[in-house]
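Pasting in a structure now, in structure tokens, and then I'll have a few things to ask.
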Amino acid sequence: MDDTKTASLIEFLAGARRVVALTGAGISAESGVPTFRGKDGLWRQYRAESLATPEAFSRDPALVWEWYDWRRGLIAPVGPNPGHEVLAAWEERFENFAVITQNVDGLHRKAGTRNLLELHGNIWRARCTREGTVRELPATPLPRVPPLCPDCGALLRPDIIWFGEPLDPDVLDRAFALSAGCQALFVIGTSSVVQPAASLPAAAARAGARVIEVNLEPTPLTPYADHFIAGPAGRVLPSLDRQLREWTDPGHSSGKGRSS
Ligand SMILES: [Zn+2]
């Protein structure tokens, strides 16, 4: 992005009160979370697409849980990157700031984000298949596979939206309301092609919000975005944050190290 365009974006953001960030696999990959797609997704001889389904779970819940146990083991030591950290800090900067994520790894929460919608669930939570109750399941490795509900003894399942399952309608409604009600929507580390999340930038744009895309490469969204910033979130967001702080608080020169 050229300097004039960056300056106009910074000026706009400095006056914005309602800002939303939609994040996807890219920001997690920067932290070292495997994408579990394609070659990365192979576990034993299985592909993610054949394990993350309600059919696979009803056929062999222990197998599906073993796979999640393995994935959880890979994610557990991974920490948030500076991109996650800036988004967490922006809850202080903007009057209303929310993160909508397609990621299930919990890194936004780890970074300190509280106003968070997890469209696809969270790998650290489990849901009772009988009662529907949701609980945290932090132990890695799991002491028992498959885990059972401590209240009723029924099978627990990962609190994750699987292939072929609809998103939680309440979560989706809130995501659309946030997108249609914000002044700026950041789209970060997602190719913006997976529905229904792909409709969120369109909803924001229709409502007059600026759409700011941060991705390594252009995506199908890029022609429609008001700003496209190429680069990893872990570098682009700290840079935007620094420029914002210099704009609103020119007394402080380089704010490096000041972001929470
Ligand atoms: Zn139960």
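Every read-out reported here was derived from the displayed coordinates using simple, explicitly stated rules and does not represent laboratory data. Everything numeric here is computed off the predicted structure, so don't read it as measured data. Glycine also receives a Cβ, built like all others from the backbone with ideal geometry; neighbour counts cover every protein chain displayed.
Give me a comma-separated list of calculated 3J(HN,Hα) values for the stretch 118-132, in order, Karplus coefficients 6.51, -1.76, 1.60 applied at θ = phi - 60°, integers in Hz, x for any Gly or Pro.
Rounded to whole hertz, the list is 9, 4, 10, x, 8, 6, 8, 10, 10, 10, 6, 6, 9, 9, x.
Hey, another quick one. Enumerate the amide H contacts of ILE229 below 5 Å, restricted to partners 5 or more residues apart or on another chain; note that Pro and chain-start residues carry no placed amide H.
When sequence neighbours closer than 5 places are left aside, the close amide H contacts are GLU213, VAL214, ASN215.
Let me ask another. Once you list every other residue whose beta carbon is under 10 Å from the beta carbon of THR101, what net charge do they have if Lys and Arg are +1 and Asp and Glu are -1? Let's see the in-between values first.
Details: positive: ARG109; negative: ASP105, GLU118.
After counting each charged neighbour, the total is -1.
Here is a follow-up. Hey, what's the Kirkwood Rh for the stretch 77-142 if you take every pair of different alpha carbons, in angstrom?
Numbers: mean 1/r = 0.0765 Å⁻¹.
Over the stretch 77-142, the inverse of the mean reciprocal pair distance is 13.1 Å.
Net charge near ARG135: determine it from the other residues with C-beta under 11 Å of the C-beta of ARG135, scoring Lys and Arg +1 and Asp and Glu -1.
Working: positive: ARG125, ARG127; negative: GLU131, GLU136, ASP151, ASP159.
That sum, taken over residues with Cβ under 11 Å, equals -2.
Using alpha carbons only, what's the Rg to Rh ratio of the chain with Rh from Kirkwood?
1.00
I would also like to ask the following. Angle between the Cα long axis of helix 82-93 and the longest principal axis of the chain, 0 to 90 degrees, nearest 10?
70 degrees
Further question on the same structure: Give, as a single signed number, the net charge of other residues whose beta carbon lies under 15 Å from the beta carbon of PRO80, with Lys and Arg counted +1 and Asp and Glu -1. Before the final figure, lay out the partial values.
Values: positive: ARG109, LYS110, ARG114, ARG235; negative: GLU30, GLU85, GLU91, ASP105, GLU118, ASP241.
That sum, taken over residues with Cβ under 15 Å, equals -2.
Ok, one more. Compute the angle between helix 169-181 and the longest alpha-carbon principal axis of the chain, please, reported from 0 to 90 degrees and rounded to the nearest 10.
Tilt relative to the chain: about 0 degrees.
Which residue fluctuates most in the GNM of the chain (Cα springs below 10 Å): SER179, SER192, SER28?
It is SER192.
Could you bin all the Cα-Cα distances of the stretch 136-181 into 10 Å bins starting at 0 and give me the percent of pairs in each, rounded to whole numbers?
20, 34, 29, 15, 2
Cα centroids of the stretch 124-162 and the stretch 210-246: how far apart, whole angstrom?
Cα centres, the stretch 124-162 to the stretch 210-246: 37 Å.
Okay, moving on. What fraction of the DSSP beta bridges in the stretch 147-229 is antiparallel, stated in percent and rounded to the nearest 5? Don't skip to the answer; put the middle values down first.
Values: 1 of 9 bridges.
Expressed as a percentage, antiparallel bridges in the stretch 147-229 total about 10.
If you split all Cα-Cα distances of the stretch 1-76 into 10 Å bins from zero, what percentages do you get per bin, shortest first?
Cα pair-distance distribution for the stretch 1-76, in percent: 15, 31, 22, 13, 16, 4.
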